[in-house]
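As structure tokens, the structure follows; a few thoughts come after it.
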Amino acid sequence: MPTERFELLPNAAPTADAVREEILANPGFGQYFTDHMAHVRWTLDAGWHGREVRPYGPLTLDPAAAVLHYAQEIFEGIKAYRHADGSIWTFRPEKNAERFRRSARRLALPELTDEDFIGSLKALLAQDHAWVPTPRSEADECSLYLRPFMIASEKFLGVRPAQEVDYYVIASPAAAYFKGGVEPVSIWLSEHYKRAAPGGTGFAKCGGNYAASLAAQKEASAQGCGQVAFLDAAENKWIEELGGMNLFFVFKDGRIATPRLTDTILEGVTRDSVLTLARDEGLTPEERPISIDEWREGAASGEITEVFACGTAAVITPVGELVTEQERIRLLGDNGNPIAKRLRAKLLDLQYGRVEDTHGWLTRLV
Ligand code: COI
């Protein structure tokens, strides 16, 4: 996948080395951005064209741009990892590229090929590779978080699919998504707000889904919880996801279950990888409907021994308790979440090149 197709417009005033190193020592999540961004333009007449890597900076958008009014927008999240020999790799990018096309179809946006999706990551990293942090230990999950996104930039207030669209990739050095690392998080159960409905956009990675989750997230924060769990809109009974992460339940007999995919659940790349790694570890993965009653009863009886959340940003993070308006659902006893920790270590070892990539999941960027 040649990066030469992307014209380089270099940043004339890149971040000084000493400043960048200071940022990389403590990047947090999503606060700092690299010196460049990748960009490809699409118009109905010309298709995708104008591939470039240009200085990172504010966009010029017409105030009538469709995205600002009707939220015709999609995005992805994917990371770049530095291996011990200095090379830089990413994880299953073709899965993100495929999901980006699924999201594009649902939001009536143009589809981007694997060649352009993966090519844009390579072209950006060819310039900004110094921004990929070097892990200080095996527990250090630092990476460069890549955020491809597509917006409807056409100046037009009528409601129809835009005929002018822009695709960008920006990059942000990242430490653990949750400040506590693998410390269990508390989760708030959203009983009034729904994230997605059948036939809607729940399976697509579009900004609107995340906007719809924010009022519930605000409730969660007021309750001292770090995340929100959403139930299905039709029956208010089935566990869907956390809005930015998928959920897994570990059972004492070795089963490990996650909600079956429907059009109201985002198909996480980490979710899919955990299903495979769990089988490699001798566990029995299950994809099936899981009700809030099963969570409550399994926690109380000791049938469920661990609950964890997973996503690209969060990797694998144990869930300590589920807080609702009526109750606090806690697991019987604290076993220290050994399965979540084992799967997390396996995944990180693979992503950082510390074990053989037997599934062929890594793609070299630099
Ligand atoms: C990701 O995991 O990459 C996401 O896009 C979710 C968000 C919580 C950052």
About its Cα centre, how strong a charge dipole does the chain have in debye, to the nearest 20, once Lys and Arg get +1 and Asp and Glu get -1 at the Cβ?
140
Along region 288-301, Karplus-curve 3J(HN,Hα) (6.51, -1.76, 1.60; θ = phi - 60°) to the nearest Hz, with x for Gly and Pro, reads 6, x, 10, 8, 5, 5, 5, 4, 4, 5, x, 5, 5, 8
Percent antiparallel among DSSP beta bridges with both residues in the chain, to the nearest 5?
80
In Å², what does the accessible area per residue of region 3-175 work out to with a 1.4 Å probe?
43
Alpha carbon convex hull of the chain, projected area averaged over orientations, nm²
18.6
Rounded to the nearest 10 degrees, what's the angle between the helix 207-222 long axis and the longest principal axis of the chain, both from Cα atoms, 0 to 90?
50
Considering the dipole of region 185-351 built from charges on the beta carbon (Lys and Arg +1, Asp and Glu -1) around the Cα centre, which of 196, 209, 231 is farthest to its positive end?
209
What is the log10 of I(q)/I(0) for region 170-261, computed with the Debye formula using one identical point scatterer on each Cα and no solvent, at q = 0.13 Å⁻¹?
-0.51
Looks like region 7-89, by Cα gyration tensor root eigenvalues a ≥ b ≥ c and the a/c under 1.5 rounded cutoff (else prolate when a/b is bigger than b/c, oblate otherwise), is prolate
Let me check against my output: what whole-number percent is the relative contact order of the chain, with C-alpha pairs under 8 Å and at least 6 apart?
19
Given just the C-alpha atoms of region 185-351, how large is their convex hull per residue in cubic angstrom?
104
Relative contact order [Cα under 8 Å, 6+ residues apart], region 3-175, whole percent
34
Sparse-neighbourhood loop hits (trypsin sites (Lys or Arg not before Pro), region 100-197; DSSP loop; Cβ within 10 Å at most 15 others) -> 136, 179
Can you list the trypsin sites (Lys or Arg not before Pro) in region 307-366 that are in a DSSP coil and have 14 or fewer other beta carbons within 10 angstrom?
354
Given Cβ point charges of +1 (Lys, Arg) and -1 (Asp, Glu) and nothing else, what value in debye, to the nearest 20, does the dipole of region 3-175 about its Cα centre take?
500
Can you work out ³J(HN,Hα) from phi for every residue in region 148-159, in order, using Karplus 6.51 cos²θ - 1.76 cosθ + 1.60 and θ = phi - 60°, giving whole Hz and x for Gly and Pro?
x, 8, 9, 10, 7, 9, 5, 7, 5, 8, x, 8
Taking all protein chains as present, what is the carbon and sulfur share of the accessible area of the chain, in % to the nearest whole number, probe 1.4 Å?
51
In degrees between 0 and 90, to the nearest 10, how far off the longest principal axis of the chain does helix 114-128 point, with axes built from Cα atoms?
80
Over the chain, with a Gaussian network built from C-alpha contacts below 10 Å, which listed residue (275, 24, 61) shows the highest mean-square fluctuation?
61
Cα shape, region 9-52, gyration tensor, a/c 1.5 rule:
oblate
Report the residue, chosen from 299, 139, 18, that carries the largest GNM mean-square fluctuation when the chain is represented by alpha-carbon nodes joined by springs under 10 Å.
18
Using alpha-carbon positions, what is the distance between the centroids of region 8-29 and region 174-237, in Å?
32
The answer for the per residue Cα convex hull volume of region 3-175, in Å³, is 123
Could you tell me which GluC sites (Glu not before Pro) in region 57-136 are loop residues by DSSP with no more than 13 other beta carbons within 10 angstrom of their beta carbon?
none
Hey, in the GNM for the chain with a 10 angstrom Cα cutoff, which one of 50, 202, 333 fluctuates hardest?
333
By the gyration tensor of its Cα atoms, with a ≥ b ≥ c the square roots of the eigenvalues, what is the shape of region 82-228: rounded for a/c under 1.5, prolate for a/b over b/c, or oblate?
oblate
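The values are calculated or read from the model by the stated rules, or taken from the named source; none is laboratory data. For clarity, every value in this text was computed on a predicted model and none was experimentally measured. Virtual Cβ from ideal backbone geometry, glycine too; neighbours counted across all protein chains shown. Just so you know, the surface numbers come from the protein's heavy atoms only, side chains and all, with ligands and any DNA or RNA stripped out. Shrake-Rupley method; radii C 1.70, N 1.55, O 1.52, S 1.80 Å.
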